[in-house]
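The values are calculated or read from the model by the stated rules, or taken from the named source; none is laboratory data. Quick caveat: nothing in here was measured; it's all calculated off a predicted structure. Heads up, the Cβs are rebuilt from the backbone with ideal geometry, glycines too, and the neighbour counts pull from every protein chain shown. Heads up: the accessible areas ignore ligands, DNA and RNA and are worked out on the full protein's heavy atoms, side chains in. Shrake-Rupley method; radii C 1.70, N 1.55, O 1.52, S 1.80 Å.
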Amino acid sequence: MNGCVIPHTPIAVDFWKVRDGPQMIHFLTHFHGDHISGLTSTWNRPIYCSKLTKKLLVQKRGVKSELIRTLQIGCAEIVFLDNVQQENMVVTALDANHCPGAVMFLMEGYFGTILHTGDFRFKPEMLTETTLANRSGKVDVLYMDNTYCSPRCKFPTREQATTEIIKVIKSHPTHDIIIAMRNLGKEELLVKIAKECQEWKYVPHKFYQTLEILEAPNVFNCDNRDLRIQIVPFYTISKRFVEKVNKTRPTIVIMPTVLYFGIDARPYENIDNVYIVPYSDHSSYSELREFVAFLRPGQIIPIVKATSRSPFEMSVADRADMSRFSDLTGEKFNESVNVPPSVQAFMENRNITAALGKNRLFRLRKRQNRARGL
Ligand SMILES: [Zn+2]
């Protein structure tokens with residue numbers, strides 16, 4: 001699980017383990033298994049996420065619609081951090097360029113400025129769009145997607161990978177084509193292939209349901225198994241599977257993934273008719289460098305922990321080593337954060353009047369109302 005609770009705050013991002021513990025305010029970056037683990041239909045606290053993630057949560061996970069508050073991409077919104085509306089933060093959701101509905105959160109409040117990328121694929125346009133364009137040197141803490149944060153992880157842009165995949169398909173006009181997919185996120189690629197090759201694709205029923213929720217263009221079919229281009233779940237692919245399908249018809253398998261980049265494993269390399277094309281929804285190492293070089297954050301916290309394992313249980317602990325960015329981080333980060341009393345009371349689930357005392361609360365409210373011009 002890749003979630004966290006931000007220290008000195010009640011803000012939980014992609015974190016669903018605590019139900020009866022301290023009070024929190026929950027944010028969801030995107031609808032991928034490792035970010036929603038523990039979030040079930042019995043969840044009973046408010047959640048902030050994008051409009052598309054809300055649709056997926058309600059229709060695929062059964063989360064109650066009335067609990068979900070949607071954030072508009074690029075719009076700064078106020079979220080209160082206590083029960084008495086004394087302390088708030090400003091949150092802006094930004095397109096994470098990862099999978100449908102995926103967002104990053106820029107949060108500004110008593111704790112400073114925090115950017116949580118969730119999973120993201122960097123693109124230069126992110127730095128010229130208004131929200132981040134003037135934030136260089138102004139982000140105190142960057143929670144960053146470090147999935148491929150290793151100099152060994154070099155791969156092309158998604159546009160280049162898409163061109164490569166289309167080239168492979170066009171060079172096999174009489175073959176059946178099987179494309180292996182892990183989960184949500186490569187719909188854009190599939191649509192581009194369909195349009196470029198002018199062919200419909202067969203997708204399993206479960207994928208089709210998701211495509212319907214996403215209102216994807218009508219280039220998919222879940223009934224006709226005779227279509228030349230078919231989508232199958234990633235785990236289906238094995239040497240035996242490829243040999244079996246080739247006994248019926250000449251078939252190639254395309255695996256759009258960078259999962260095996262930077263580790264010493266090549267599970268599909270020696271299988272005939274299998275093409276691994278480096279298509280990634282996460283940033284490459286050089287893209288992460290570019291992102292950090294622009295933002296110059298005070299501190300970087302990796303989202304994927306050093307204890308996480310890559311395929312075949314191989315350690316990728318070095319990818320959580322953020323000291324590799326020490327030449328790009330800004331002024332030393334000041335870790336001391338004063339938690340406002342009303343937020344402290346909220347986190348501890350205490351009554352704010354008891355926490356502050358009636359007179360102090362009255363004075364605090366008066367002072368804040370004056371500051372707001374009320
Ligand atoms: Zn993801």
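Given the whole protein assembly as supplied and a 1.4 Å probe, what does the accessible area of Ile68 come to in Å², nearest 10?
10 Å²
So what's region 158-277 giving for Cα Rg divided by 2.2 N^0.38 Å, two decimals?
1.02
Among the lysines, select those whose C-alpha is under 17 Å from the C-alpha of Lys366, and discard any that sit fewer than 8 residues away in the same chain.
Within reach: Lys358.
At what distance in angstrom do the alpha carbon centres of region 147-226 and region 8-30 lie from each other?
Region 147-226 and region 8-30 have Cα centres separated by 34 Å.
With all distinct Cα pairs included, what does the Kirkwood hydrodynamic radius of the chain come out to in Å, to one decimal, could you say?
22.7 Å
A 32 angstrom limit on the alpha carbon distance is what I want to check against. Which of Lys51/Lys244; Lys60/Lys170; Lys123/Lys247; Lys138/Lys192; Lys154/Lys192 exceed it?
Lys51/Lys244; Lys60/Lys170; Lys123/Lys247; Lys138/Lys192
Can you give the Kirkwood hydrodynamic radius for region 55-183, in Å, rounded to one decimal and based on Cα pairs?
18.0 Å
When Lys and Arg each count +1 and Asp and Glu each count -1, what net charge do the other residues less than 11 Å away from Glu159, Cβ to Cβ, add up to?
Surrounding charge for Glu159 is +1.
Report the extension gain between His175 and Asn83 in nm, rounded to one decimal, defined as 0.36 nm multiplied by the number of residues separating them, less their alpha carbon distance.
Values: separation 92, 0.36 × 92 = 33.12 nm, distance 6.19 nm.
Full extension from His175 to Asn83 adds 26.9 nm.
To the nearest 20 Debye, how big is the dipole of region 158-277 about its Cα centre, given +1 on the beta carbon of each Lys and Arg and -1 on that of each Asp and Glu? The partial results should precede the final answer.
Numbers: 17 positive and 15 negative charges, 65 e Å.
Around 320 debye, computed over region 158-277.
Sort 51-64, 232-245 by packing, meaning the average of other beta carbons within 10 Å per residue, with the highest value first.
Working: 51-64: 18.2, 232-245: 14.1.
Sorting 51-64, 232-245 by mean packing, highest first, produces 51-64, 232-245.
Run the quick spin-label model on Lys305 and Arg152: label points 7 Å from Cα toward the beta carbon, then report their separation in nm to one decimal.
For the pair Lys305/Arg152, the computed spacing is 2.3 nm.
Mind checking which of Tyr110, Ala96, Ala161 is farthest towards the positive end of region 79-182's charge dipole, using Cβ charges of +1 (Lys, Arg) and -1 (Asp, Glu) about the Cα centre?
The residue sitting most towards the positive pole is Ala161.
Angle check, please: helix 239-248 long axis (alpha carbons) against the longest principal axis of the chain (alpha carbons), in degrees 0 to 90, nearest 10.
50 degrees
Taking +1 at the Cβ of each Lys and Arg and -1 at the Cβ of each Asp and Glu, which of Pro124, Cys75, Ile237 sits farthest along the dipole of the chain towards its positive end, judged by Cα position relative to the Cα centre?
Cys75
As I understand it, the value is the acute angle between the Cα axis of helix 358-371 and the longest principal axis of the Cα atoms of the chain; what does it come to in degrees, rounded to 10?
Value to nearest ten degrees: 70.
Which trypsin sites (Lys or Arg not before Pro) in region 187-225 pass both tests, a DSSP loop state and at most 16 other beta-carbon atoms within 10 Å? Each step should come with its number before you reach the end.
Numbers: sites: Lys192, Lys195, Lys201, Lys206, Arg225; in loops: Arg225.
Answer by residue number: Arg225.
Taking R0 as 30 Å, what FRET efficiency do you get between Cys75 and Asn44 from their Cβ-Cβ distance, rounded to the nearest 0.05?
0.65
Show which aspartates and glutamates lie in cross-link reach of Lys305 when reach means a straight Cα distance below 13 angstrom and same-chain residues fewer than eight apart are skipped.
Answer for Lys305, where 13 Å is the Cα cut-off: Asp34, Asp145, Asp318, Asp321, listed by chain and number.
Please report, in debye to the nearest 20, how large the charge dipole of the chain is about its Cα centre when each Lys and Arg carries +1 at its beta carbon and each Asp and Glu carries -1 there.
940 debye
Compute the angle between helix 51-61 and the longest alpha-carbon principal axis of the chain, please, reported from 0 to 90 degrees and rounded to the nearest 10.
The angle comes out at about 70 degrees.
Label 7 Å along Cα→Cβ of Lys244; region 165-206 residues with amide nitrogen under 20 Å?
Flagged as within label range: 176-182, 202-206.
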